[in-house]
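The values are calculated or read from the model by the stated rules, or taken from the named source; none is laboratory data. Predicted, not measured: the structure shown is a model, and the values here were computed from it. Every residue, glycine among them, receives a Cβ derived from its backbone with ideal geometry; neighbour counts consider all protein chains shown. Note: accessible area is taken over every heavy atom of the protein model, side chains too, but ligands, DNA and RNA are not part of it. Shrake-Rupley method; radii C 1.70, N 1.55, O 1.52, S 1.80 Å.
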Amino acid sequence: MIETSSELLNGHPPNGDTFNGDSRTNLEIPVDVTYGHYSSYDDSRRPLHVLVAGAGPSGIAMAIELLKLPNITFDIFDKNPDVGGTWFENRYPGAACDIASHAYQYTFASNPNWSSHFSPATEIYQYFRDVAEKFGVLERVHLASQVISARWVSQRSKWVLGITQGDGGEREVEGDVFINAAGILNQWKWPDIPGLDVFKGSKLHTANWDSSWDWGDKKVAVIGTGATGIQVVPKLQPTVQNLEVYMRSPTYILPSVGFGIESSSFNEPYTAEQKQQFRQDSQHYKNFRKAIEQQMNENFAGSIKKTSAQIEGRKWAESMMRKSIKSTELQEKLIPKWELGCRRLTPGRPYLEAIQQDNVSIVTTSIQGIVENGIETSDGEIHQLDAIVCATGFDTSFVPGFDLFGIDDRNLRSMWAKSHAEAYMGLAVSGFPNYWTFLGPNTPIANGSLIPCIESSAKYIVSALTKMQKEQIKSMNIKQKIQDAFNEYTQAVHKDLVWSGSCRSWYKDDMTGAVTAVWPGSSIHFMDVVASPRWEDYEIEYIHSNLFMFMGDGTSDREKNKSDLTYYLDDVKLM
């Protein structure tokens with residue numbers, strides 16, 4: 001049985017909350033009238049029910065925007081027992097954000113009380129949960145409810161989602177719009193290494209950490225040298241017997257915690273006096289936040305190949321690393337030969353210090369496979385181990401974790417599994433009407449400040465929903481030729497940006513080399529572009545055969561509501 005919007009909203013989600021329904025979302029709108037007996041742009045004529053997957057930073061931002069809209073109801077489904085997304089899930093030792101705390105927050109909900117320059121995952125999770133509670137989002141979230149399928153029903157212009165619940169039950173829900181806010185870092189996976197399942201010691205993944213595991217006096221391997229590996233190694237090193245760090249390729253690791261005005265030799269806590277000034281002096285705090293983000297956004301200049309900013313930045317990074325790494329042999333293993341920023345630039349002084357300790361070895365020989373008692377490298381050596389820690393991250397292919405069927409039953413999951421992911425500005429996909437997404441292919445995940453880009457994406461989607469309501473639109477679908485043109489442009493620009501460089505990176509598709517993850521420009525560029533939606537890029541189907549039915553009976557809302565009819569004189573100026 002499919003639950004309609006009003007049935008769903010008046011029912012009981014898994015966490016026991018109840019929602020207030022709005023039966024208007026099921027209105028049958030007549031299509032055979034000559035004109036509408038209502039004022040122009042009457043959004044009550046096109047009520048919408050919106051289904052949202054994910055209650056992390058993107059889903060929370062989307063919900064806050066949806067709460068502002070009239071004649072819209074919505075539900076959010078999240079697989080976890082609480083909101084927060086990746087920040088709820090990541091609990092490995094050292095888990096933190098490598099972006100300054102005061103830059104990793106919403107513009108409309110500043111937290112002056114961050115404990116340190118770079119806050120731990122638990123604190124970031126609590127921030128997003130507090131925001132969700134403050135803005136009334138929590139009561140709209142169905143927890144322990146995972147989306148397992150999504151299907152566009154063309155005959156009725158509806159999305160039908162299959163949901164599994166914490167108690168093992170399944171149900172289907174229906175809505176007019178489907179928004180995928182699950183993000184890219186939500187499907188962790190074991191590395192594709194032969195024999196991983198035969199290992200008899202402890203096997204851990206940083207995205208699914210076993211907090212009961214004691215690594216004291218153990219022989220431990222860490223596979224992976226991305227941001228996660230750089231954070232977990234310093235936490236394990238002091239108490240393990242031996243630690244082997246398996247490095248497939250080097251990466252730029254700066255001997256500092258953070259950059260610019262937030263740079264320091266360790267993760268400094270904010271003093272009580274600093275936090276008090278943040279709370280009491282709003283102008284000071286605003287200037288502080290702006291200074292951090294100004295520098296983050298200025299860093300994009302170094303992402304353009306062969307520019308002086310890129311060349312000088314690379315020299316600076318190499319020099320910093322050489323000063324911090326004593327061994328010439330280790331310098332050769334750790335310092336990349338490719339463009340600065342081709343892979344994520346990571347602050348990691350504690351990591352650089354840890355790997356130079358006597359109980360740590362850097363292994364650059366490739367892994368042949370895993371055996372019962374350890375790792376076998378391609379030179380035939382068996383490395384005896386008690387535990388293997390996989391800091392190998394998530395499935396970053398953009399392939400949805402569930403079957404997602406659009407027009408003519410085309411399945412986005414199989415489409416993107418066969419060839420690299422392509423979308424329209426990371427926000428929509430041709431062939432999937434009334435479907436919008438956050439942080440899809442080619443979005444600004446490495447181009448500057450991220451959270452404002454999430455907010456801009458939410459506002460873009462709100463603009464689309466508002467257009468659907470005011471103009472009585474049944475469906476909106478990105479034109480295939482427009483999507484193709486956008487991706488052609490994207491790859492052309494990326495030829496001159498560092499993300500198409502010579503490094504091995506999850507930003508690129510392994511088979512084609514196309515840059516699939518990163519926006520072709522700066523974060524500011526992204527926000528400028530999406531601020532003015534190009535509705536001409538969509539195929540639009542209207543509810544009525546005459547698309548001008550939204551103009552109603554020739555009156556405006558102002559006349560219906562008997563409000564000011566001379567509003568255009570509010571700013572009259574003399575000659």
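Please list, in chain and number order, the residues 5+ apart from Gly369 or on another chain whose amide H is under 5 Å from its amide H, with Hs placed from the backbone.
It is Glu376, by chain and number.
Can you pull the Rg over Rh of segment 399-467, Cα-only, Kirkwood?
Value, to two decimals: 0.99.
Can you tell me the equivalent ellipsoid semi-axes for segment 463-549? Use √(5λ) from the Cα gyration tensor, largest first, whole Å.
35, 14, 10
So, by mean Cβ neighbours within 10 angstrom, what's the order for 450-459, 184-193 with the highest one leading?
Going from most to least packed, we get 450-459, 184-193.
Between rounded, prolate and oblate, where does segment 180-328 land on the alpha carbon gyration tensor, with a ≥ b ≥ c its root eigenvalues, rounded for a/c under 1.5, else prolate if a/b exceeds b/c?
Prolate, since a/c reaches 1.5 and a/b exceeds b/c.
Work from the charge dipole of the chain (Cβ charges, +1 for Lys and Arg, -1 for Asp and Glu, about the Cα centre) and give the residue of Ile325, Ser101, Gln384 farthest towards its positive end.
Ile325
Using only the alpha carbons of segment 272-339, what is the convex hull's orientation-averaged projected area in square nanometres?
Directional mean of the projected Cα hull area for segment 272-339 stands at 6.9 nm².
Determine one quarter of the surface area of the Cα convex hull of segment 431-575, which equals its mean projected area, and express it in nm² to one decimal.
13.7
For q values of 0.16, 0.20 Å⁻¹, compute log₁₀ I(q)/I(0) with the Debye formula on a Cα-only model of segment 168-226, without solvent.
So the normalised log intensities are -0.77, -0.99.
How do Lys306, Lys333, Lys481 stack up against each other in accessible area, from largest to smallest, with a 1.4 angstrom probe?
Correct descending sequence by accessible area is Lys306, Lys481, Lys333.
Report the one residue of Ala63, Tyr351, Val131 whose Cα lies farthest in the direction of the positive end of the charge dipole of the chain (charges on C-beta: Lys and Arg +1, Asp and Glu -1; origin at the Cα centre).
Most positive-ward Cα: Tyr351.
Quick one: how many Å² of Asp217 are accessible to a 1.4 Å probe, rounded to 10?
Here the accessible area works out near 110 Å².
Let me have the 222 nm mean residue ellipticity of the chain computed from DSSP H runs of 4+ only, each contributing -39500 (n - 2.57), with the sum over all residues rounded to the nearest 500.
Taken over the chain, the calculation gives -8000 deg cm²/dmol.
Would you please give the FRET efficiency between Ser110 and Lys323, computed as 1/(1 + (r/R0)^6) with r the Cβ-Cβ distance and R0 = 41 Å, to the nearest 0.05?
After rounding to 0.05, the efficiency reads 0.70.
Just how much of Glu332 is accessible, in Å², when a 1.4 Å probe is used and the result is rounded to the nearest 10?
100
Quick one: work out Rg over Rh on the C-alpha atoms of segment 315-409, Rh as Kirkwood radius.
Using Cα coordinates only, the ratio equals 1.10.
With a 1.4 Å probe and every protein chain kept in, tell me what percent of the accessible surface of the chain is carbon plus sulfur.
The value for the chain is 49 percent carbon and sulfur by accessible area.
Please give the direction-averaged projected area of the C-alpha convex hull for segment 90-247, in square nanometres with one decimal.
13.7
Dipole size in debye (nearest 20) for segment 173-226 around its Cα centre, Lys and Arg Cβ +1, Asp and Glu Cβ -1?
With only Lys, Arg, Asp and Glu charged at Cβ, the dipole is about 380 debye.
Along each principal axis of its Cα atoms, how long is segment 101-141 end to end? Whole angstroms, biggest number first, please.
32, 20, 13
Count of lysine pairs in segment 410-562 with Cα atoms under 29 Å apart, counting only pairs 8 or more residues apart in sequence or on different chains?
Final tally of qualifying lysine pairs is 25.
Run through every distinct alpha carbon pair of segment 313-368 and return the Kirkwood hydrodynamic radius in angstroms, one decimal place.
12.5 Å is the Kirkwood radius here.
Could you give the angle, 0 to 90 degrees to the nearest 10, between helix 121-134's Cα long axis and the longest principal axis of the Cα atoms of the chain?
Roughly 10 degrees between the two axes.
Pick out, from Ala485, Tyr568, Thr271, the residue whose Cα sits farthest towards the positive end of the charge dipole of the chain, with +1 on the Cβ of Lys and Arg and -1 on the Cβ of Asp and Glu.
Toward the positive end, the furthest listed residue is Thr271.
Taking the Cα centre of segment 175-274 as origin, work out the dipole magnitude from +1 charges on Lys and Arg Cβ and -1 charges on Asp and Glu Cβ, in debye rounded to 20.
For this selection, approximately 440 debye.
Under 16 Å from a label point 7 Å along Cα→Cβ of Lys286: give me every residue in segment 438-462 with its amide N that close.
Output list for this probe position: empty.
Taking 2.2 N^0.38 Å as the expected size of a compact globular protein, what ratio does the Cα radius of gyration of segment 102-181 give against it, to two decimals?
Against the empirical 2.2 N^0.38 Å value, I get 1.49 for segment 102-181.
Assigning unit charges at the beta carbon (Lys, Arg +1; Asp, Glu -1) and nothing else, what dipole magnitude in debye, to the nearest 20, does the chain show about its Cα centre?
Charge dipole of the chain: 1260 debye, to the nearest 20.
Probe 1.4 Å, all protein chains in place: accessible area of Leu412 in Å², nearest 10?
0
Test of understanding: what is the full-extension gain from Ser556 to Asn373, defined as 0.36 nm times their sequence separation minus their Cα-Cα distance?
Taking 0.36 nm per residue and subtracting the Cα distance, the gain is 58.3 nm.
Hey, could you get me the Stokes-Einstein D for the chain, Kirkwood radius over alpha-carbon pairs, 37 °C and 0.692 mPa s, rounded to whole µm² s⁻¹?
127
Dividing the Cα convex hull volume of segment 145-194 by residue count, how many Å³ per residue is that?
127
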